[in-house]
Amino acid sequence: MYKIYDFKQKSKKIHKIYKIIQNIFYIIIMPIIIINITLIIKTFINPEEIPDFLGFKNFIIVSQSMEPNIKVGDAIFIKEVEETELKVNDIISFHDGADINTHRIKDIVEENGKKVYTTKGDNNKREDKNKITYKDIEGKYLFQINNFGIIAKILKSKITLIILLIFVTLSIIFNYRIYKRQQERDIKRRNYEKIHQLQEKI
């Protein structure tokens, strides 16, 4: 009896640990899946625009123009803001031809009724050649995660989304099978108890 009881206790502990690990995975994985699906849908609807999630965007730094503050391989996070929120010394991500640059605003002037922004990389000796307007700006810098670029790129990939969806699907199937087996055991136990009670009465 002691061995059976001990085994059941260990089984319950293992099941609890599994549940905790599973919940942690869900807490981490589900937001990634939701964000990826949102970005894919937005890319499909507006292929010419950079997709965002609730106004937030993520870029991976590939040049040394903002060193030492922002380095190559860092993942930066920006947010779309109103034009009135932008000021000198803000770091912004903006279109420069086919590229997206992340530089600091050095000057703001008004030309022909529109604000024109002069930008410069912290590590560059000269200001950027092309001045930009608000429509060129993707967002204002919020924060960065150092050396997180590769991981961020992997997390945003379609392959990662497929793998995570497969994992979640298998996890749901596995949990459903455990649930069904538990139900079957409970039914057998109740039937056994009923039969045992009837035998005792007889």
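Conditions: (1) within 26 Å of LEU170 (Cβ to Cβ); (2) modelled with pLDDT under 85; (3) of a type in the set (A, V, I, L, M). ILE41 meets all but one. Number of the miss?
Condition (2) is where ILE41 drops out.
If LEU165 satisfies every condition in (1) modelled with pLDDT of 95 or more; (2) assigned by TED's automatic domain parsing to the domain that holds ILE21; (3) hydrophobic (A, V, I, L, M, F, W, C) but one, which is the exception?
(1)
If I go through region 56-86 residue by residue, how many of them are part of a loop (DSSP other than H, G, I, E, B) and either at negative phi or not assigned by TED's automatic domain parsing to the domain that holds THR119 (or both)?
17
Here are some residues: ASN124, ASN147, ASN130. Which one is at pLDDT 85 or above, at positive phi and assigned by TED's automatic domain parsing to the domain that holds VAL72?
The conditions single out ASN147.
With respect to TYR18, is the statement that it is surrounded by 11 or more Cβ atoms within 10 Å (Cβ to Cβ), of a type outside the set (Gly, Ala, Ser) and modelled with pLDDT under 80 true?
It is true that TYR18 is surrounded by 11 or more Cβ atoms within 10 Å (Cβ to Cβ), of a type outside the set (Gly, Ala, Ser) and modelled with pLDDT under 80.
Does LYS140 satisfy the criteria of being surrounded by 15 or more Cβ atoms within 10 Å (Cβ to Cβ), of a type outside the set (A, V, I, L, M, F, W, C) and modelled with pLDDT under 90?
no
Is there a residue being in a helix (DSSP H, G or I) and within 19 Å of ILE78 (Cα to Cα) anywhere in region 119-132?
No, because not a single residue in region 119-132 is in a helix (DSSP H, G or I) and within 19 Å of ILE78 (Cα to Cα).
Given LYS194, LYS140, LYS188, LYS135, which one is part of a strand (DSSP E or B) and of a type in the set (Lys, Arg)?
LYS140
The values are calculated or read from the model by the stated rules, or taken from the named source; none is laboratory data. Remember, predicted model here, so these are calculated numbers, not experimental data. Positions of Cβ are backbone-derived with ideal geometry, glycine not excepted, and every protein chain shown enters the neighbour counts.
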